[in-house]
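Notes follow the structure.
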């Protein structure tokens, strides 16, 4: 290839780099130009890493969400379980076929990216908290010390540590889902990957049901200098029942992309 | 096969130089055996012709004019490869080490500027250094910076991941491969393209795009397309076609190898044994056909890749059938015997080839006598 052609090609590649970046940043700008919802999450919903990688100075907080299952009794956070509302009818409305939901179907890879509603400190969390309280009260009637200790720890965890962010609904159509929750300012809508599972807890329906594989954006990046505030905190063990130490103001934009707008330290 | 050398490219020039060196060695042997002794005048003329040809080729291209230069050149290539990989890894970790102490605006500027600066360095080295090794290293660094650019920009702004990044990276790697004639960059272009098409096909057939690796069948069509591109002989880029053929073959045969042992990843709605049996037979038939096709087209790259894959298919099947059933000495004896069988088949093919050449030479002689 001649020098002239090489030069043109390299200039073309530079133009590609600039155009692609402009496209991405324009998307970021458009997303931030309209705030569709705002929530204040705490350390309970945004988990700090269990250790800091010395080779990585960036910081991202994991979005910790839960859902109510048919099992109950503190089983809400196991990702392979099925949310109780993600039944056969809901899965069909999300676009899963009868064949994909059949127990005969050995194909375990049917999955779709859909819109999901996450409720902060709402009815679902209260139900989970009440369930933990009831369980503790029931165990107090017995004499099994281990069970009492386990139930007490579980209640403490529910009250102080566990995420209050609950997945409560999903839909393939964004407008429909937004319409369903437009009066609730504690509900945020985001994207998630849903797949089929045989695991249905206590009630078997003879069909596969749904499970939430992951949120499409599972971590929130903490920009500088806000990340310094979080990094100044001591690392905690996963079973450390201490109150949350910070509040994070999260905005959701026009493209459903979330971003952190502020972090406030709340602990002593 | 075309015996003429295309001297419009570095590869063609190198082939001509190798041909001259082989001719010189053979001429020396013929002289020692008193079969062919050139007169002093002929020797002088031949020497002048070759010297002038070698000088002009060496002036035009960065070629190895003798065997010791060739050995050194291999060393330089390996050093350049390690250099490129080392610098790429270093830049990757450098970004991660310090990106947390910059605000989003500064991060974006650094991420966008890095691949462009590396492109500038690539242009500079293309002008200053004929061999192109430094330019290749700069081009590879530019690609790594661009991959980091898009992936980190996505992380900083919490953007939902998209498979479209793969096609942009493929385009970038392809452009840089053509500028620097780098097969390493071409390989990345091919792999990014395969990842993009596979992810897109995955979403068309109902899976989330990040799960494309769990559906090996989605790599088959990219493999066929890349293999088909390997049929195009490109002037000045003769060494690119084998890369397309090798990766096209691998992208077709590796998914078949996986599916021949894991029916769970298949779209086919047959029972497990039928799917695995189908892909086992497909693997043997396709790899054998590719070897035959390679022999027909004189494509050594295809023959070698097809042979390796055929052998892997054979040995994994032997393992499946006999590892539990036979005592170990008998199993390994079976491996030895099957290797002998493959050896005999290849020797037979080689003999047939030699007979073909002999037959062609006899016909040439007859034509000369006429």
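Looking only at the range A:121-175, which residues are in a helix (DSSP H, G or I), touching a strand residue (DSSP E or B) at 6+ places or on another chain (Cβ under 7 Å) and surrounded by fewer than 20 Cβ atoms within 10 Å (Cβ to Cβ)?
A:174
What's the number of the only condition in (1) buried (at least 18 other Cβ atoms within 10 Å of the Cβ); (2) more than 7 Å from chain A (Cβ to nearest Cβ); (3) under 22 Å from residue A:231 (Cβ atoms) that residue B:133 fails to meet?
Here residue B:133 meets the rest and fails (3).
Please work out which one of (1) under 26 Å from residue B:102 (Cβ atoms); (2) more than 9 Å from chain B (Cβ to nearest Cβ); (3) touching a strand residue (DSSP E or B) at 6+ places or on another chain (Cβ under 6 Å) is the condition residue A:215 fails and give its number.
If we test residue A:215 against (1) under 26 Å from residue B:102 (Cβ atoms); (2) more than 9 Å from chain B (Cβ to nearest Cβ); (3) touching a strand residue (DSSP E or B) at 6+ places or on another chain (Cβ under 6 Å), just (1) comes out false.
In the range A:108-120, what residues are assigned to a loop (DSSP other than H, G, I, E, B) and surrounded by 18 or more Cβ atoms within 10 Å (Cβ to Cβ)?
A:109, A:110
Do we have any residue at all in the range B:81-89 that's within 14 Å of chain A (Cβ to nearest Cβ), under 30 Å from residue A:58 (Cβ atoms), in contact with a helix residue (DSSP H, G or I) (Cβ under 9 Å, 6 or more places away or on another chain) and part of a helix (DSSP H, G or I)?
Taking the range B:81-89 as the starting set, the residues that turn out to be within 14 Å of chain A (Cβ to nearest Cβ) are B:89.
Still in the running and under 30 Å from residue A:58 (Cβ atoms): B:89.
Filter once more, so that each one left must be in contact with a helix residue (DSSP H, G or I) (Cβ under 9 Å, 6 or more places away or on another chain): B:89.
Retained after the next criterion (residues that are part of a helix (DSSP H, G or I)): B:89.
Yes, because at least one residue in the range B:81-89 is within 14 Å of chain A (Cβ to nearest Cβ), under 30 Å from residue A:58 (Cβ atoms), in contact with a helix residue (DSSP H, G or I) (Cβ under 9 Å, 6 or more places away or on another chain) and part of a helix (DSSP H, G or I).
Filter the range A:239-265 for residues that are in contact (Cβ under 8 Å) with a residue 40 or more places away in the chain, assigned to a strand (DSSP E or B) and more than 13 Å from every other protein chain (Cβ to nearest Cβ) and give the result.
Once the filter is applied, which keeps residues that are in contact (Cβ under 8 Å) with a residue 40 or more places away in the chain, assigned to a strand (DSSP E or B) and more than 13 Å from every other protein chain (Cβ to nearest Cβ), the range A:239-265 yields A:246, A:247, A:249, A:263.
Residues of the range B:172-185 being within 14 Å of chain A (Cβ to nearest Cβ) and either in contact (Cβ under 8 Å) with a residue 12 or more places away in the chain or farther than 17 Å from residue B:122 by Cα (or both), which ones?
The first filter runs over the range B:172-185 and keeps only residues within 14 Å of chain A (Cβ to nearest Cβ), leaving B:172-182, B:185.
Across the range B:172-185, the qualifying residues are B:172, B:173, B:174, B:176, B:177, B:178, B:179, B:180, B:181, B:182, B:185.
Could you tell me which residue of the range B:235-244 is nearest to residue B:301 (Cα to Cα), considering only residues that are assigned to a loop (DSSP other than H, G, I, E, B) and modelled with pLDDT of 85 or more?
Filtering the range B:235-244 for residues assigned to a loop (DSSP other than H, G, I, E, B) gives B:235-239.
Subset that is modelled with pLDDT of 85 or more: B:237, B:239.
Numbers: B:237: 16, B:239: 11 Å.
This residue is B:239.
Only one of (1) under 30 Å from residue B:239 (Cβ atoms); (2) surrounded by 13 or more Cβ atoms within 10 Å (Cβ to Cβ) is not met by residue B:296, so which one is it?
Condition not satisfied by residue B:296: (2).
Just to be sure, is residue A:207 more than 9 Å from chain B (Cβ to nearest Cβ) and either under 23 Å from residue A:191 (Cα atoms) or in contact with a strand residue (DSSP E or B) (Cβ under 8 Å, 6 or more places away or on another chain) (or both)? I'd like the intermediate steps shown before the answer.
Values: more than 9 Å from chain B (Cβ to nearest Cβ): yes; either under 23 Å from residue A:191 (Cα atoms) or in contact with a strand residue (DSSP E or B) (Cβ under 8 Å, 6 or more places away or on another chain) (or both): yes.
For residue A:207, the condition - more than 9 Å from chain B (Cβ to nearest Cβ) and either under 23 Å from residue A:191 (Cα atoms) or in contact with a strand residue (DSSP E or B) (Cβ under 8 Å, 6 or more places away or on another chain) (or both) - is met.
Here is a check on your reading of the model: is residue B:111 out of contact with any helix residue (DSSP H, G or I) (no Cβ under 6 Å at 6 or more places or on another chain) and in a helix (DSSP H, G or I)?
Answer is no for this residue.
Name every residue in the range A:83-99 that is buried (at least 20 other Cβ atoms within 10 Å of the Cβ) and either in a helix (DSSP H, G or I) or at pLDDT below 85 (or both), in order of residue number. Before the answer, list the steps.
Taking the range A:83-99 first, the residues buried (at least 20 other Cβ atoms within 10 Å of the Cβ) are A:83, A:86, A:91, A:96.
Residue satisfying the conditions is A:91 alone.
Do you know which residues across the range B:144-166 are more than 10 Å from every other protein chain (Cβ to nearest Cβ) and part of a helix (DSSP H, G or I)?
Hits for the range B:144-166 are B:144, B:147, B:148, B:151, B:166.
Suppose we filter the range B:272-321 for residues that are part of a helix (DSSP H, G or I) and within 20 Å of the chain's Cα centre (by Cα); how many remain?
Our first condition is that a residue be part of a helix (DSSP H, G or I); within the range B:272-321, this holds for B:272-297, B:300-321.
From what's left, within 20 Å of the chain's Cα centre (by Cα): B:286-297, B:300-312.
Residues flagged as part of a helix (DSSP H, G or I) and within 20 Å of the chain's Cα centre (by Cα) within the range B:272-321 amount to 25.
I need every pair where a residue in the range B:123-148 that is touching a residue at least 60 places away in the same chain (Cβ under 8 Å) has its Cβ under 7 Å from the Cβ of a residue that is assigned to a helix (DSSP H, G or I), sequence separation at least 6 or different chains.
Note: pairs meeting the criteria are B:132/B:126; B:132/B:180.
Would you be able to say whether some residue in the range B:216-234 is within 14 Å of chain A (Cβ to nearest Cβ) and farther than 17 Å from residue B:192 by Cα?
Keep residues of the range B:216-234 that are within 14 Å of chain A (Cβ to nearest Cβ), which gives B:216-218, B:234.
Keeping just the survivors that are farther than 17 Å from residue B:192 by Cα gives B:234.
There is at least one residue in the range B:216-234 that is within 14 Å of chain A (Cβ to nearest Cβ) and farther than 17 Å from residue B:192 by Cα.
Would you please name the residue that is surrounded by the fewest Cβ atoms within 10 Å (Cβ to Cβ), looking only at residues in the range B:149-161 that are in contact (Cβ under 8 Å) with a residue 24 or more places away in the chain and within 24 Å of residue B:198 (Cα to Cα)?
The initial filter retains those residues of the range B:149-161 that are in contact (Cβ under 8 Å) with a residue 24 or more places away in the chain, namely B:149, B:152-153, B:156-157, B:161.
Cutting the leftovers down to within 24 Å of residue B:198 (Cα to Cα) gives us B:149, B:152-153, B:161.
On the way: B:149: 25, B:152: 19, B:153: 21, B:161: 15.
Here the residue is B:161.
When the residues of the range A:28-67 are filtered to those that are part of a helix (DSSP H, G or I) and more than 7 Å from chain B (Cβ to nearest Cβ), which remaining residue is surrounded by the most Cβ atoms within 10 Å (Cβ to Cβ)? Working first, answer last.
So in the range A:28-67, the residues part of a helix (DSSP H, G or I) come out as A:28-33.
If we keep only those that are more than 7 Å from chain B (Cβ to nearest Cβ) too, we end up with A:29-33.
Details: A:29: 11, A:30: 13, A:31: 22, A:32: 16, A:33: 9.
Among those residues, the one meeting the criterion is A:31.
Can you name the residue in the range B:202-221 that is within 20 Å of residue A:94 (Cβ to Cβ) and free of Cβ contacts under 8 Å to residues at least 40 places away in the same chain and, of all such residues, is surrounded by the fewest Cβ atoms within 10 Å (Cβ to Cβ)?
Result: B:204.
Among the residues that make up the range B:190-199, is at least one of them part of a helix (DSSP H, G or I) and either facing chain A (nearest Cβ under 8 Å) or without any contact (Cβ under 8 Å) to a residue 24 or more places away in the chain (or both)?
Initially, the range B:190-199 is screened for residues part of a helix (DSSP H, G or I), giving B:190-199.
The next check asks that each one be either facing chain A (nearest Cβ under 8 Å) or without any contact (Cβ under 8 Å) to a residue 24 or more places away in the chain (or both); those that pass are none.
No, the range B:190-199 contains no residue that is part of a helix (DSSP H, G or I) and either facing chain A (nearest Cβ under 8 Å) or without any contact (Cβ under 8 Å) to a residue 24 or more places away in the chain (or both).
The values are calculated or read from the model by the stated rules, or taken from the named source; none is laboratory data. What you are looking at is a predicted structure, and each value in this text was computed from that prediction instead of being measured. Neighbour counts are summed over all protein chains in view; Cβ atoms, including those assigned to glycine, are modelled from backbone coordinates with ideal geometry.
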